[in-house]
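Report on the structure given below.
The values are calculated or read from the model by the stated rules, or taken from the named source; none is laboratory data. Values in this document were obtained by computation on a predicted structure and should not be read as measured data. So basically every Cβ, Gly included, is an ideal-geometry build from the backbone, and we count neighbours across all protein chains shown. Side chains included, ligands, DNA and RNA excluded: accessible areas come from the protein's heavy atoms. Shrake-Rupley method; radii C 1.70, N 1.55, O 1.52, S 1.80 Å.
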Amino acid sequence: MAEDLPDRAPDMNGGNADVDALLHRWEGGRFVEVDRLPCPSGEDALSFTSGGRNYLAFANLRTGKGPYETDVNSLIYREDEDGEWILDETLPTFGAKQWHHFSIDDREFLALAQGLTMPGLSPKGHGRSVIFQRVDGRWEEFQVLGGRWGYNWDHFRVGGHHFLAYADQVTPSVVYRWDGDSFVPYQTFAEKFGRSFLHFSQDGEEWLAFACINGDSTLYRWNGELFEPHQSLGGLGGREFALHRHGEKLFLVRICFIQGRPPVAKTDLMSQLYRWHDGKFEVVEEFPTFGGTDANFFEADGKTFLVVANSLTPDVRFRQDSIVYELSLDNA
């Protein structure tokens, strides 16, 4: 999101926002930096394929070194035939947090979680979370939702219906259902403090994990009409989930961000690796994260890895390493 300014006091909402996104390639059993792309205050990076081409969509929060401009263009890059990334499209955004790409039948969508409600900030446009649709190779605004400080999306199908889960900080976190023409509210999960959703199928049933940074993270079970609470997945600080199937085993990671509020937020927290057992998740291991924002499993060279994005040191500086873990799951 930013880099430290040596002459400024630590501030998780400060720093120099005009930074690059770092692209790495897996080579020789490790990631090697291969490129940098202009990406002011990048909150999220999404890779997706559309029309046979590869894209990188960045959610760009702001620009500047203070004061900051939060009405900025979020950048979408396209990979050309030589493997170079070129700027393909810019979309006006306000405090962008996350993109989510999905399709319903022959319609292609790109959902943007965005918005901020802070003193002195006023969007030039509606400033609310929004869904774009692909039309003639470009992204056009399709539906504006009510969210005012969006964080996360998840699209999934249950019982033949398409659902879109949306997490928000200051307005309700809601699962929407596609009615054939638009997304309509279906179930509310929290009035505020939402951070992420993750849907999965297991044991012949449908499940939805929900992270709430200022409350419990919770696993919900589909009862045929609604998702009902099934299990707590830990307390304060939850930010993101990652799911991985290893043979017959199912694993879930919960990444924790902070506890408390700036400028005295606690960033050094323990995050959890769970294994599914007898209808519930059990903690296999806890591991330290430092302002953790995201995680992803991947397999390479016949091994399983987990990459964890960290964002803040214990003294609330930005220069904190992200970590790639090699996992041993056969005996977990």
Checklist outcome for this item: Normalised Cα Rg of the range 182-332, dividing by 2.2 N^0.38 Å with N its residue count, works out at 1.08
Checklist entry - What whole-number value in cubic angstrom gives the convex hull volume per residue for the C-alpha atoms of the range 124-228? => result 113
Item to check | Kirkwood-type radius of the range 261-301, with distances r between different C-alpha atoms, in Å | outcome: 12.6
Item to check | Straight-distance crosslink candidates among lysines, where the alpha carbon sits under 20 Å from LYS249 and sequence neighbours closer than 8 are dropped | outcome: LYS280, LYS303
Item to check | Pairwise label distance in nanometres, SER122 with THR90, each label 7 Å out on the Cα-Cβ vector | outcome: 2.4
Item to check | Residues whose placed amide H lies under 5 Å from that of ASN54, excluding near-sequence neighbours | outcome: GLU79
Checklist outcome for this item: Treating only Lys and Arg (+1) and Asp and Glu (-1) as charged, each at its beta carbon, one finds that the chain has a dipole about its Cα centre, in Debye to the nearest 20, of 940
Item to check | Loop trypsin sites (Lys or Arg not before Pro), the range 271-332, which have at most 13 other Cβ atoms in a 10 Å radius of their Cβ (DSSP) | outcome: ARG319
Checklist outcome for this item: With a ≥ b ≥ c from the Cα gyration tensor eigenvalues, square-rooted, and the rule rounded for a/c under 1.5, otherwise prolate when a/b > b/c and oblate otherwise, the range 1-132 is oblate
Item to check | Positive dipole terminus of the chain, leading residue within ASN223, PRO172, ASN73 (C-beta point charges) | outcome: PRO172
Checklist entry - GNM on the chain, C-alpha springs below 10 Å: top fluctuator among GLN202, GLN114, GLN187? => result GLN202
Checklist entry - How would ASP71, ASP216, ASP105 rank on accessible area, largest to smallest, probe 1.4 Å? => result ASP105, ASP216, ASP71
Checklist entry - What is the distance in Å between the Cα centres of the range 115-194 and the range 207-286? => result 22
Item to check | Spherically averaged projected area in nm², based on the convex hull that wraps the Cα atoms of the range 36-89 | outcome: 4.0
Checklist entry - Farthest toward the dipole's positive end in the range 36-173, which of GLY146, HIS162, LEU87, given Cβ charges of +1 (Lys, Arg) and -1 (Asp, Glu) about the Cα centre? => result GLY146
Checklist entry - Amide H to amide H, which residues 5 or more places from GLU240 or on other chains are under 5 Å from it, using H placed in the peptide plane? => result ILE255
Checklist entry - Does the range 150-211 classify as rounded, prolate or oblate by the C-alpha gyration tensor (a ≥ b ≥ c root eigenvalues; a/c under 1.5 gives rounded; else a/b over b/c gives prolate, otherwise oblate)? => result oblate
Next on the checklist: If Rh is defined by the Kirkwood formula over all Cα pairs and Rg also comes from Cα, what ratio Rg/Rh do you get for the chain?
Outcome noted: 0.94
Next on the checklist: Can you list residues from other chains, or at least 5 along the same chain, whose modelled amide H is less than 5 Å from the amide H of VAL130?
Outcome noted: LEU112, GLN114, LEU145
Checklist outcome for this item: The answer for the range 1-140, accessible area per residue at 1.4 Å probe in Å², is 50
Next on the checklist: Over the chain, with a Gaussian network built from C-alpha contacts below 10 Å, which listed residue (ARG221, ARG157, ARG107) shows the highest mean-square fluctuation?
Outcome noted: ARG107
Checklist entry - Can you give the charge dipole size of the range 169-295 about its Cα centre, rounded to the nearest 20 debye, using +1 on the beta carbon of Lys and Arg and -1 on the beta carbon of Asp and Glu? => result 440
Checklist entry - With no solvent and one point per C-alpha, what does the Debye sum give as log10 I(q)/I(0) for the range 61-145 at q = 0.22 Å⁻¹? => result -1.10
Item to check | Nitroxide proxy distance, nm - points 7 Å out along Cα→Cβ at VAL284 and ASP330 | outcome: 1.4
Item to check | Per residue, in Å², the accessible surface of the range 152-263 once ligands and nucleic acids are set aside, probe 1.4 Å | outcome: 40
